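Student: Structure in structure tokens, see below.
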Amino acid sequence: MHLLGSVESILPGQVVALNIDETLRQAMASHPTDQLQDALAVREEVLIPMQKAISLSPNDAVAHYNLGQALMELNRPEEAETCYRIALEIDPGYAEAYDSLGCLLRESGRLPEAAACCRHALEIKPEYDQARYHLEAILLDMKRLSEAETSYRLMMESNPNYAEAHNRLGNVFRDCGQIYEAEDSYRRALEINPDYADAHHNLGVILQETGRISEAEASYRRALAINPDYAEAHHNLGLLLNDT
């Protein structure tokens, strides 16, 4: 069975974009429901061309990185970590591999190592916003709020219209008890992107905490209009309505 034309033949140095869950969906659509195990096995087939690429070019850092990305989608983080580390041994300047390794380490709770990886990625590629975003999330996990705030402000200097940075800075302010600064940040995020469900929800939390109940309800409802499956918004709206 041919799965994804983009991975059937991988050239050395070619980064592959994967969506293994979509591959699974396609496989299940073509398999009877009593053959679910066969459909799940189809996902593993995505690894075959990547492993072949490595066998043909074992010193290709990108090939090892691609395999690591696929293994992460297959929920095999130990093997993925090995792939990322091999990629970095081959190419110590591979910023994307440091960033992906940092995300993996964060998921496994190894926060100082994760932060170090994201910092390495930013040393190599200072404009790498994705790595900076991941570093900020790790710093929040570590409760290093002042460092997270500094990092967000640096990001906004280079990209003042980055709504997600304003939203996350609002989260830092809220964690620090700076409620009105948080509100300002969420409102700025919504000026940039009026359809930003997270910012509507977070603004609703601030409004609820400061007693502006009708405004909070409107914010929660706006978040749900944008994302009807937003569990936290459903929960908080339910609590608000139950208390009024």
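The values are calculated or read from the model by the stated rules, or taken from the named source; none is laboratory data. Remember, it's a predicted structure, so these values are computed and weren't measured experimentally. Cβ sites come from the backbone with ideal geometry, for glycine too, and all protein chains shown count toward neighbours.
Student: Restricting to region 206-219, and then to whatever is of a type in the set (A, V, I, L, M) and crowded, with 21+ Cβ neighbours inside 10 Å, can you tell me which residue is nearest to Tyr230 (Cα to Cα)?
Tutor: Ala216
Student: Here is a list of conditions, (1) touching an Asp or Glu at 6+ places or on another chain (Cβ under 7 Å); (2) free of Cβ contacts under 8 Å to residues at least 24 places away in the same chain; (3) in the same structural domain as Ser100 (by TED's automatic domain parsing), and Arg132 meets all of them except one; can you say which number that is?
Tutor: The failed condition is (1).
Student: Looking at Ala165, is it in the same structural domain as His234 (by TED's automatic domain parsing) and buried (at least 20 other Cβ atoms within 10 Å of the Cβ)?
Tutor: Spelling it out, Ala165 is indeed in the same structural domain as His234 (by TED's automatic domain parsing) and buried (at least 20 other Cβ atoms within 10 Å of the Cβ).
Student: In region 88-106, how many are charged (D, E, K, R) and under 11 Å from His134 (Cβ atoms)?
Tutor: The qualifying residues number 2.
Student: Can you say whether Thr210 is farther than 29 Å from Asn66 by Cα and free of Cβ contacts under 8 Å to residues at least 24 places away in the same chain, as far as the supplied structure shows?
Tutor: No, not satisfied.
Student: Still on this model: Of these, Glu22, Glu96, which one is at pLDDT 90 or above and not in a loop (DSSP other than H, G, I, E, B)?
Tutor: Details: Glu22 fails: at pLDDT 90 or above.
That would be Glu96, the only listed residue that is at pLDDT 90 or above and not in a loop (DSSP other than H, G, I, E, B).
Student: If I filter region 201-214 for residues that are assigned to a helix (DSSP H, G or I) and more than 23 Å from Asp175 (Cα to Cα), do I get at least one hit? Spell out how you get there, then give the answer.
Tutor: To start, the set of residues in region 201-214 that are assigned to a helix (DSSP H, G or I) comprises 201-209, 213-214.
Going one step further and asking which of them are more than 23 Å from Asp175 (Cα to Cα), we end up with 214.
Yes, some residue in region 201-214 is assigned to a helix (DSSP H, G or I) and more than 23 Å from Asp175 (Cα to Cα).
Student: Can you list the helices (runs of 4 or more DSSP H) found entirely within region 100-165 that contain at least 3 residues being under 15 Å from the mean Cα position of the chain (by Cα) and within 23 Å of Met72 (Cα to Cα)?
Tutor: 111-124, 129-141
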